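Below: one structure, written as structure tokens.
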Amino acid sequence: MGLFSAISHQLIDIIEWKDDSTDTMVWRFPRFQDEIKMGAQLVVRQAQAAVFVNEGKIADVFQSGTYTLDTKNIPILTTLKGWKYGFNSPFKAEVYFVNTKQYTDQKWGTKNPIMLNDDKFGMVEIRAFGTYAFRVADAKKFIEEIVGTNSYFSTEDMAGQLKSLMVNKLTEELAKSNFGVEKFSANVGEVSDFCKEKLAPVLDTFGLSLTQFILENVSMPPELKNEIFQYSRLNKIDMSKLTQMNAANSIQTAAENPGIGGAGMGIGVGLGMGNLVVNTMGQAINQMQQSANTPPPVPQPLQYFVAVAGKQTGPFDEQQLSDMVKAGTVMRETLVWKTGMAAWTQAGQVTELSGIFSATPPPLPS
């Protein structure tokens, strides 16, 4: 730097930053050999903070306002240097201006799908994207943790790191949450508030404040969307209204198709079809309700006809047949028949009658 430039810098006694950009977060004030004269004017505008750094250490932080730099306004720097001449000579310090305004419309999104274990649909994959807003809340911490010795720092320099941290944290927290997968589409506001609450401490470690977080859209496989819609419709469906709707659709279809008998016949057929659908559905529902509340019929006793002396007798139930076995009227060789049997059969060969012969000894051998 030439002699004229060095002298011109020494004559400058106002330290300020007139920011006309939209993405600059930190700007270091240029000064020849970082020398600042005593009595210089420091102007810190609204949504700005000025950070003084001496020999790699942060000495003072000034909020918005106008200051005359002397030993009263920079007590920390005075203590660090231990000036012997009451700050009458220039001192060396780096001045960083930090923009504390809110940076809006910052984009975020998941590069890889987030895996969720849903109670209804099992393991599912979703992708999400949206916007967020943030500001520098602690200029000292932000300089220490992020900026370092950079003379210029923008939102673009911060975007990549913030997105990675936010997506990793979101993946972890959403996997542990109790949100059903259908809520990501139906109630994005509640999910956005949940995400903001979980992400705020992450940005706080860098001196940043997360002022807004918006979940704009969640994408999922088409087959999963169909399952969610079907499940939701089944929960909300009203069978009586569905029946009426189907009947109305049938009437409209029949009216639009008059058929052979003309328009009047078409409407009549439509009405008939509508009534038929309504009646059929109503009867089916009533039968289902009655069958659910009515016990099954009492089983009827078995009835058999018996051939005695070549003549048909009966019918007799199982108890009567047992008495006839004891009396010797019915034997194993006696022919019997009941409804459903193809032909007369010996009683001893009918499985259902085997019990009535168990207590009767077989005939003596001849």
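The values are calculated or read from the model by the stated rules, or taken from the named source; none is laboratory data. Please read all numbers here as calculations on a predicted model, not as lab measurements. With ideal geometry, Cβ positions are generated from the backbone for all residues, glycine too; neighbour counts draw on all protein chains shown.
List of remarks:
- Residue identified as farther than 18 Å from Trp108 by Cα and at pLDDT 80 or above among Gly180, Gly207: Gly207
- Tallying residues that are β-branched (Val, Ile, Thr) and either part of a loop (DSSP other than H, G, I, E, B) or at pLDDT below 90 (or both) within segment 114-137 yields 3.
- Against the numbered list (1) in the same structural domain as Thr253 (by TED's automatic domain parsing); (2) modelled with pLDDT of 80 or more; (3) aliphatic (A, V, I, L, M), Leu271 comes up short only at (2).
- Counting only helices (runs of 4 or more DSSP H) that sit completely within segment 138-225, those holding 2 or more residues that are among the polar types (S, T, N, Q) and out of contact with any helix residue (DSSP H, G or I) (no Cβ under 6 Å at 6 or more places or on another chain) correspond to 155-176.
Results for (1) part of a strand (DSSP E or B); (2) modelled with pLDDT under 80, shown as yes or no for each residue.
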| site | (1), (2) |
| --- | --- |
| Leu42 | yes, no |
| Lys72 | no, yes |
| Lys84 | no, yes |
| Tyr96 | yes, no |
| Lys101 | no, no |
| Asp105 | yes, no |
| Lys111 | no, no |
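- All positions within segment 313-336 that are surrounded by fewer than 18 Cβ atoms within 10 Å (Cβ to Cβ) and in a strand (DSSP E or B): Thr313, Gly314, Pro315, Leu335
- Residues within segment 287-312 that are surrounded by 13 or more Cβ atoms within 10 Å (Cβ to Cβ) and either among the β-branched types (Val, Ile, Thr) or modelled with pLDDT under 75 (or both), tallied: 3
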